[in-house]
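Colleague: I have a structure I would like to understand better, so I am pasting it below and will then ask my questions one at a time.
Any read-out appearing in this document is the output of simple, stated calculations on the displayed coordinates, not a laboratory observation. These figures come from a predicted structure and were not determined experimentally. Here Cβ is always computed from backbone atoms with ideal geometry, including for glycine, and neighbour counts include all displayed protein chains.
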């Protein structure tokens, strides 16, 4: 009778973790350097863990660390965007508030604010608008324009990171225990704003280029910081595009800023895209003045972009558009 072969080696390795094990340390990713992340452990200590560039980890992720192994815990929320090349970028995880930072110099690109608001709402975040650099000369018209456009839709904070004007209101809001994420084009003053809220950070800031009033991107790594008045805030490199991810043309209007009042009464057709369909609540809102014409025109432009992207996707899959 043949003898059974003995098993070679020890027990098979597994990726499962025992939460009660002394070897398992829970924490949150507070900085991402491409091939390594900084994890703030529940013990208050920081640990550097090497990761693959394709790991998918982002700042804000809750993780469990065991030695050099990192396991990501389920995300409560996740924010993503599409860049100018069409690539999907993970922006941050487990966020509560998205602060869209704008300034008169450099002014925001067309559709940037609206697409960021739509993305935040789709992800379950609360969007707010932060108008920085109110100390600049001739900024009154800019502030009036954007305040009038968004005040009835989301909270708007007008401030100056340089002089401190209006900063208390934003600090009070963020101090309610939110984890907030600031987005904005390069040069709008996100790092200056974070320095003003938390002076001990002393983040590096840059100047605007004279040609075209473009910003100099001085932030190169996303980092998560605790704020003195409470809450947390992520500082991130600026990016000049905020393309929508997983937002269909049919879903756009439900998140679009400025349509809230009109859509309290549903359209006749559930798949209404608010162009020429009969019984359209948005079209009626434009006629009655509850939906500003500028809001409607911006919506139609973004809708056309989404439809074009949808057509390209269907074409690649060999389906009729």
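Colleague: Once fully extended, how much extra length lies between residue 24 and residue 138, figured as 0.36 nm per residue of separation less the alpha-carbon to alpha-carbon distance?
Modeller: That pair, residue 24 and residue 138, stretches by 35.5 nm at full extension.
Colleague: Can I ask one more? Between residue 43 and residue 261, 0.36 nm times their residue separation minus their Cα-Cα distance comes to what?
Modeller: My answer for the length gained is 73.7 nm.
Colleague: Roughly how tilted is helix 112-123, in degrees to the nearest 10 and between 0 and 90, from the longest Cα axis of the chain?
Modeller: Tilt relative to the chain: about 50 degrees.
Colleague: Same structure, new question: Give the separation of the Cα centroids, the stretch 90-157 to the stretch 220-286, in Å.
Modeller: One Cα centre to the other: 12 Å.
Colleague: Now, a different point. Just want the ordering: 233, 193, from fewest to most Cβ atoms lying within 10 Å of their own Cβ.
Modeller: Exposure proxy ranking, most exposed first: 233, 193.
Colleague: Please determine, in degrees from 0 to 90 and to the nearest 10, the orientation of helix 140-150 with respect to the longest principal axis defined by the Cα atoms of the chain, where the helix direction is its Cα long axis.
Modeller: 70
Colleague: With a point put 7 Å past each Cα toward its Cβ, work out how far residue 269 is from residue 110 in nm, to one decimal.
Modeller: A separation of 2.7 nm, rounded to one decimal place.
Colleague: Mind giving me the FRET efficiency for residue 76 and residue 126? R0 is 22 Å, r the Cβ-Cβ distance, nearest 0.05 is fine.
Modeller: 0.95
Colleague: Still on this structure, I have one more. Would you mind calculating the gained length between residue 245 and residue 155 on full extension (0.36 nm times residue separation, minus the Cα-Cα distance), in nm to one decimal?
Modeller: Extending this stretch completely gives an extra 30.0 nm.
Colleague: Set the Förster distance to 30 Å, then compute FRET efficiency between residue 293 and residue 83 from the Cβ-Cβ distance, nearest 0.05.
Modeller: On the way: r = 30 Å, r/R0 = 1.01.
For R0 = 30 Å, the calculated efficiency reads 0.50.
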